[in-house]
Amino acid sequence: MGRYIIRRSLWVMLVLLIITLVTFSIFYLLPNVKPELAFAGKQPTKELIEQVKKQFGLDKPIPVQYGLFVKKLFLGDQFGWPGFGFSFNTRAPIREEIFDRLGITVMLSLGGALLWLLIGIPIGIVSALKRGTKVDRAAMGFALFGVSMPVFWLALLFLFIFWKTLKIAPGTGYVPFSDNPVEWASHLVMPWIVLSLLFAAFYARMLRGSMIETMSEDYIRTARAKGLTERRVIFRHGVRSSITPVVTQFGLDMGGLLGGAIVTESVFNLRGLGSYSIGAVRDGDLPVILAVTVFTAFFITIFNLFVDIAYAYLDPRVRYS
């Protein structure tokens, strides 16, 4: 297992390098992308354009620019480690901006994840065990509703009902936990619920399908024939084997969300990584785009590593060579 983790960790570094290279290349291969023009004024002179290019290091060949980016990423820069440099748009250090926003995104993602697991997994189990009954149809009706509703529409609906009409929940924005824990939680409740409904519905359907198939396997019938209690059969053998696809999807979802829940953050005015990346794409701010991409890729690959390790404990049939 130790050798496997080391190998996968090295693959994580390789994947990150490939992702940064692809992102860097796409940015410069796009037509009419000239970052220096965005920061040299509306009617810049040639001298001013050259000055801006030199200031941002855009006068160097593209491979050299990419090499400098990778070097700073792993060794750090004047702002610390990891070295992301500064934003072309705000001239502010990207590292500080990312870590300021990362806390909001992490709180949103972890709270939403806990909620959708508490909702989706029990619904999936009960629906599979009560297949074809009213309980099953009601559970799948909830799943269909959750999967079908666009996140932005659901978020606006929640704001209209609970903030505008009933006035029982605060509107948009974010209050740090250290300032007021109650206000912090009240501002995140609606984003957590909105974020969790889509994922909970998807996980419920996924677990239901997997568990229906698992509960018809021979080893389940063997476990019952040995006299094991139904509870032990369901949770020790049924759920444990059925939950592996859910674990895989959870790793992908959490990694992606930690890179920024773009729609949810935008609707609820949460200044996380999602809103930061939107502004960077709009302004053509290459350093910020690269930084957020690296963070997202890092989280996705790390969570996938955790998922692969968890497989060995969840399913005895899984072995690593």
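At 0.36 nm per residue, and after removing the present C-alpha to C-alpha distance, how many nm does the segment from R137 to L110 gain when stretched out fully? All intermediate terms of the calculation are to be shown ahead of the outcome.
Numbers: separation 27, 0.36 × 27 = 9.72 nm, distance 2.93 nm.
Stretched out fully, the R137 to L110 stretch lengthens by 6.8 nm.
Along Cα→Cβ, 7 Å out, is where each label goes; now give me the distance between the ones at R240 and L156 in nm to one decimal.
4.8 nm
What is the packing order of peptides 53-60, 160-167, taking the mean over residues of other C-beta atoms within 10 Å and listing the highest first? Mind dumping the intermediate values first?
Numbers: 53-60: 15.1, 160-167: 11.9.
Packing order, densest peptide first, comes out as 53-60, 160-167.
State the extension gain, in nm to one decimal, for the chain segment bounded by Q43 and Q55, taking 0.36 nm per residue of separation less the distance between their alpha-carbons.
2.5 nm
Report, to the nearest 10°, how far helix 181-214 tilts away from the longest principal axis of the Cα atoms in the chain, using its own Cα long axis and a range of 0 to 90°.
50 degrees
Calculate the FRET efficiency for F99 and V175 from the Cβ-Cβ distance with a Förster distance of 22 Å, rounded to the nearest 0.05.
Computed FRET efficiency for F99 and V175 comes out at 0.75.
What is the angle, in °, between the Cα long axis of helix 244-257 and the longest principal axis of the Cα atoms in the chain? Nearest 10 is fine, range 0 to 90.
Its long axis makes an angle of about 30 degrees.
Angle check, please: helix 286-314 long axis (alpha carbons) against the longest principal axis of the chain (alpha carbons), in degrees 0 to 90, nearest 10.
Between helix and principal axis, roughly 20 degrees.
D77's amide H: which non-local residues (gap 5+, or another chain) put their own amide H closer than 5 Å, with H modeled 1.01 Å from N in plane and none for Pro or chain starts?
Result for D77 returns G83.
What number, in nm² with one decimal, is the all-direction average of the projected area of the convex hull of the alpha-carbon atoms of the chain? Mind showing how you got there, number by number?
On the way: hull surface 88.4 nm².
Mean shadow area of the hull around the Cα atoms is 22.1 nm².
Highest mean first, how do 215-223, 195-203 rank when packing is the count of other Cβ atoms within 10 Å averaged over residues?
Highest mean packing first, the order is 195-203, 215-223.
Would you mind calculating the gained length between R8 and I278 on full extension (0.36 nm times residue separation, minus the Cα-Cα distance), in nm to one decimal?
Gain in length upon complete extension: 94.1 nm.
Could you tell me whether segment 250-293 comes out rounded, prolate or oblate from its Cα gyration tensor? Rule is a ≥ b ≥ c as square roots of the eigenvalues, rounded for a/c under 1.5, then prolate if a/b exceeds b/c, otherwise oblate.
Details: a/c = 2.96, a/b = 1.28, b/c = 2.31.
Here segment 250-293 falls in the oblate category.
Leaving ligands and nucleic acids out of the surface, order L75, L207 by accessible area at 1.4 Å, largest first.
Accessible-area ranking of L75, L207, largest first: L75, L207.
The values are calculated or read from the model by the stated rules, or taken from the named source; none is laboratory data. Predicted, not measured: the structure shown is a model, and the values here were computed from it. Ideal geometry is used to build each Cβ from the backbone, glycine not excepted, and the neighbour counts take in all protein chains shown. The protein model used for the area step is the full one, side chains on, heavy atoms only, and it has no ligands, DNA or RNA in it. Shrake-Rupley method; radii C 1.70, N 1.55, O 1.52, S 1.80 Å.
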